1. Measuring from label point to label point, each 7 Å out along Cα→Cβ, what is the residue 122 to residue 16 span in nm?
2. Can you work out the accessible area per residue across region 1-123, with the rest of the protein chains kept in place, probe 1.4 Å, in square angstrom?
3. Give me the lysines in straight-line cross-link reach of residue 98: C-alpha distance below 16 Å, same-chain residues under 8 apart excluded.
4. How many nm separate the modelled label positions at residue 55 and residue 24, each set 7 Å beyond the Cα in the direction of the Cβ?
5. Straight-line reach only, C-alpha to C-alpha below 12 angstrom: list the aspartates and glutamates that residue 60 could link to, leaving out same-chain residues fewer than 8 apart.
6. What's the FRET efficiency of residue 191 with residue 108 using the Cβ-Cβ distance as r and R₀ = 30 Å, to the nearest 0.05?
7. If packing is taken as the average count of other Cβ atoms within 10 Å, what order do 51-59, 161-169, 100-108 fall into, highest mean first?
8. With all protein chains present, calculate the accessible area of residue 98 using a 1.4 Å probe and round the result to the nearest 10 Å².
Amino acid sequence: MWELISSGGWLMAPIILSSVIAVAIVFERLWVLRAARVAPAGLLGQVWQWVREGQLDAAKLKTLRADSPLGEILAAGLANSRHGRDIMKECIQEAAGKVVHELERYLNTLGTIAAITPLLGLLGTVIGMIDVFSAIMVQGTGNTGVLAGGISKALITTAAGLTVAIPAVFFHRFFVRRVDELVVTMEQEATKLVEVVLGNREVDFNGNGSGRKVAAVASARGA
């Protein structure tokens, strides 16, 4: 393996470094972007139960904000529910912007790796072919060992770059799609929160496992 890497030339170093960074990002994002962690099922139903029973206080808001990204958004809305619908929505949007930024962390880096590693492989190909033609100019075409070394460098760096780039592209698109789905889910839950706390609508909390419908009451506006 070491002989294969060394024969690829100095460009193998940034390609290998890129692969290590990409693997670290993939595992970190797989852990962070779990649906159960970002938008736990039944969280909104639990929050509404606290509101109805008068248990929502500063300590519970702090716990809610720290437990999950969705909880951070809901806590921002609840903390400003007394100021009216517009202020509540504005606070939810501000919290959502921060949450989405956190969910998208490192995705640009992963996309950059997916873009540059094929170019590094292509650069290795060009350098390898330059070595081949330089050898031909100096020694002619009789020394096949020198020619094979240059061609080998070209092929190894190209293969290494593509080996890193292909899974990086796949996971980058996968995570972008995952973030989009999570954002839609959190938007729906935040909309339900506003409707329940400030409206007179019935909202079905499907996430709490019971499918119960609860109606917003005027006293909830003071929660």
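The values are calculated or read from the model by the stated rules, or taken from the named source; none is laboratory data. Model, not experiment: these values are computed from the prediction. Every residue, glycine as well, gets a Cβ built from its backbone with ideal geometry; the counts of neighbours run over all protein chains shown. When the accessible area is computed, the model is the full protein with side chains, heavy atoms only, and any ligands, DNA or RNA have been set aside. Shrake-Rupley method; radii C 1.70, N 1.55, O 1.52, S 1.80 Å.
1. 2.5
2. Accessible surface, normalised per residue, equals 56 Å².
3. Counting by Cα, and skipping residues close in sequence, residue 98 has these lysines nearby: 89.
4. 4.2
5. 72
6. Once the sixth-power term is evaluated, E becomes 0.55.
7. 161-169, 100-108, 51-59
8. 120
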